[in-house]
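Everything on this sheet refers to the single structure shown next.
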Amino acid sequence: MPKSTNTCNSILALIFNATAWADIAENDTSAPAANLYVSLHTADPGIGGAQTTNETAYTNYARVAVARTNVGWSVPASGATANAALVQFPQCGASGATITHVAIGTASGGAGTVLYAGALNSSLAVANLIQPQFATGDLDVTET
């Protein structure tokens, strides 16, 4: 049985905007996560993978923090949300990689939980002086 659009919007708002879902779920009140972390991958992190699974390791790479607010992510509508601002990774140094997937997870480093992951429309060869980025609205997340 599929979820309603309102349910999908509520799930996304809870995860991405830290918005309570009336009578169902609340954002952690004692120490809520302030950010989600976008990571780049050289292959699919998989449904059982961690943020470190197939994560790129190009020179200077680091995950990017995106605030769990409507400044970081758009207010969900029609069962979807997207990044509300530019998501820009550090510029590549000497060693590069080919990026094929992106993930959104819970940790700034280490084996954080992957919440959502997907393939890029086309792979990105990251080499010296290339700075991967996602323009506003490019990271689409849907809940069905």
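When ALA57, ALA85, ALA77 are screened for being over 29 Å from ASN6 (Cα atoms), modelled with pLDDT of 95 or more and surrounded by fewer than 20 Cβ atoms within 10 Å (Cβ to Cβ), only ALA57 passes.
Screening VAL38 against (1) more than 25 Å from SER10 (Cα to Cα); (2) modelled with pLDDT of 95 or more leaves a single unmet condition, (1).
Number of residues in region 115-136 that are assigned to a strand (DSSP E or B), open to solvent by 30 Å² or more (accessible area, probe 1.4 Å) and over 18 Å from SER74 (Cα atoms) equals 7.
Being open to solvent by 60 Å² or more (accessible area, probe 1.4 Å) and within 15 Å of LEU139 (Cα to Cα): is that true of VAL71 here? Yes.
The requirement of being open to solvent by 60 Å² or more (accessible area, probe 1.4 Å) and of a type in the set (Lys, Arg) is fulfilled somewhere in region 1-10, by at least one residue. Pairs linking a residue in region 81-96 that is closer than 11 Å to ASN70 by Cβ to a residue that is modelled with pLDDT of 95 or more and of a type in the set (A, V, I, L, M, F, W, C), with Cβ atoms under 7 Å and 6 or more positions apart or on different chains, are THR81/LEU12; THR81/PHE16; THR81/TRP73; THR81/VAL141; ALA84/VAL71; ALA84/TRP73; ALA85/VAL71. Only a single item in (1) assigned to a loop (DSSP other than H, G, I, E, B); (2) surrounded by fewer than 17 Cβ atoms within 10 Å (Cβ to Cβ) is not met by ALA107, and it is number (2). If you check ALA94, ALA119 for being modelled with pLDDT of 95 or more and of a type outside the set (Val, Ile, Thr), only one passes: ALA119. Can you tell me which residues in region 111-131 are in contact (Cβ under 8 Å) with a residue 60 or more places away in the chain and within 17 Å of LEU36 (Cβ to Cβ)? ALA111, GLY112, THR113, VAL114, LEU115, ALA117, listed by residue number.
The values are calculated or read from the model by the stated rules, or taken from the named source; none is laboratory data. Values in this document were obtained by computation on a predicted structure and should not be read as measured data. Counting neighbours? That spans all protein chains shown, and the Cβs are built from the backbone with ideal geometry, glycine included. All accessible areas refer to the heavy atoms of the entire protein, side chains included, with ligands and DNA or RNA removed. Shrake-Rupley method; radii C 1.70, N 1.55, O 1.52, S 1.80 Å.
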